Every structure is written in C-alpha cells, then in structure tokens.
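To start, the structure itself, in structure tokens.
The values are calculated or read from the model by the stated rules, or taken from the named source; none is laboratory data. Computed from a prediction, not measured in an experiment: that's the story for all the values here. Here the Cβ positions follow ideal geometry from the backbone for every residue, glycine too, while neighbour counts run over all protein chains shown.
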Amino acid sequence: MPSACFAEELIEAFPEAKVVLVQREESAWLRSFRTAIIDTYFESAFIVSILSIFDGKLARPIYFLWKRLLASEDGLLGGTTQEQTRNNALSVYRKHNALVEAQTAPGNLLHFNLKDGWEPLCAFLGTEVPSVPFPNVNEGDAVKEVVATFIKNSIVRASRNFLAILGVTGAAAYYLLV
C-alpha cells in the first residue's frame, strides 16, 4: 500500500519524524504517473481480474488493491474510469503535497528534487553521502516491468491451480461415473 494513502496518519503517529517530500515538475509527474500507474492498471486490470480467480495468493489481493486505489470513487484518485482517474491525478497530487506540508512540524520537512542527488537528502538526514551514484530509474519502465513479471508469475500459479482443480474434478467424475 503506498504511503501516500496514509501520510496524515504516519505524520500524526510520528510527529518528530523527518519527512522527505519528493518534488517534481507537475506536468512531468503527471505524465509519468498516468503512464506508469494509471494506464498500466487499466491495461492489465482485465487479465489480472481473470487470474485472481485461480491465483488467490497474489493476483486476487493485488487486483482488489489496485481496484480500490485506482478505480473506485472513494479510492485514492476518486475515479471509476481511466479518464476520470487520469483527470483527478493532478489535484490529488497537489492535495497530498499540501497536506504533508501542513501536517509536518517546522524543520522536519525536506522538499526534495531527485535531480539534486544525495547531498541535500543526506544533509537533512544527518548521514554521510554514499560513494555510489544517486539512482536514476525510469519509473514508467520499471513499473511496467514489475507488472509484466507479476502477470507472468501469476499465469504460472493460476495455470497450476486450474490444472489441479481440473484434475480433481476429472478424478471425481471418473469415480462417480465408473
């Protein structure tokens, strides 16, 4: 579950915690979020819903989590269609940032731009700057890759479960008919 879903509760539970609020140029964030999260969900929701019938261990919880967060009126983005969800994303992003800014104690909030690298983050947290380069991952590609791997693994589990059900049903039918 993304921490954005319960940022207020986390800040309330840990009022002295240091909070890092990642800042991005809004149009770049929106483009990335729509592609990586919203479109990925709506493009794969049907197959994941089918897989959830036979893969209760992973596909079912993921499907219902996605649906709850991204495709319900009272979910994180407050839309039931891809278009509504895409249209609501920017206002949700702004509200989230405003809430974090309002709730965080003075001096405990870092507005962090990923392009700034390790230095401001480490200074804020009081740690040494690592000798490794700051990671720059294309979120859109990374999310799509994770979802593709998840679907492949879920297909294997769902197929195995389906074949087990089919085998038991076939054996029971054979026993009853013979």
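Below, the figures for the structure above:
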quantity	calculated
Test: residue in the range 57-64 that is under 25 Å from residue 149 (Cα atoms), touching a residue at least 24 places away in the same chain (Cβ under 8 Å) and of a type outside the set (A, V, I, L, M, F, W, C)	yes
Any hit, the range 133-145, residues being closer than 25 Å to residue 38 by Cα, β-branched (Val, Ile, Thr) and surrounded by 11 or more Cβ atoms within 10 Å (Cβ to Cβ)	yes
Any pair with Cβ under 6 angstrom, 6 or more apart, that starts in the range 163-178 at a residue that is assigned to a helix (DSSP H, G or I) and ends at one that is surrounded by fewer than 10 Cβ atoms within 10 Å (Cβ to Cβ)	none
Single residue of 17, 4, 28 found to be of a type in the set (A, V, I, L, M) and within 14 Å of residue 108 (Cβ to Cβ)	17
Residue within the range 110-128 that is at pLDDT below 90 and more than 30 Å from residue 40 (Cα to Cα) present	no
Helices (runs of 4 or more DSSP H) completely within the range 1-104 that count 3 or more residues being at pLDDT 80 or above and in contact with a Phe, Trp or Tyr (Cβ under 6 Å, 6 or more places away or on another chain)	40-54
Single match in 98, 123, 158 (criterion: aliphatic (A, V, I, L, M), touching a residue at least 60 places away in the same chain (Cβ under 8 Å) and surrounded by 10 or more Cβ atoms within 10 Å (Cβ to Cβ))	158
Residue in the range 15-36 that is without any contact (Cβ under 8 Å) to a residue 12 or more places away in the chain and surrounded by 15 or more Cβ atoms within 10 Å (Cβ to Cβ) present	no
Subset of the range 105-123 that is among the aliphatic types (A, V, I, L, M) and assigned to a helix (DSSP H, G or I) - its residue that is farthest from residue 21 (Cα to Cα)	123
Residues of the range 109-120 classified as under 18 Å from residue 6 (Cα atoms) and surrounded by fewer than 16 Cβ atoms within 10 Å (Cβ to Cβ), total	0
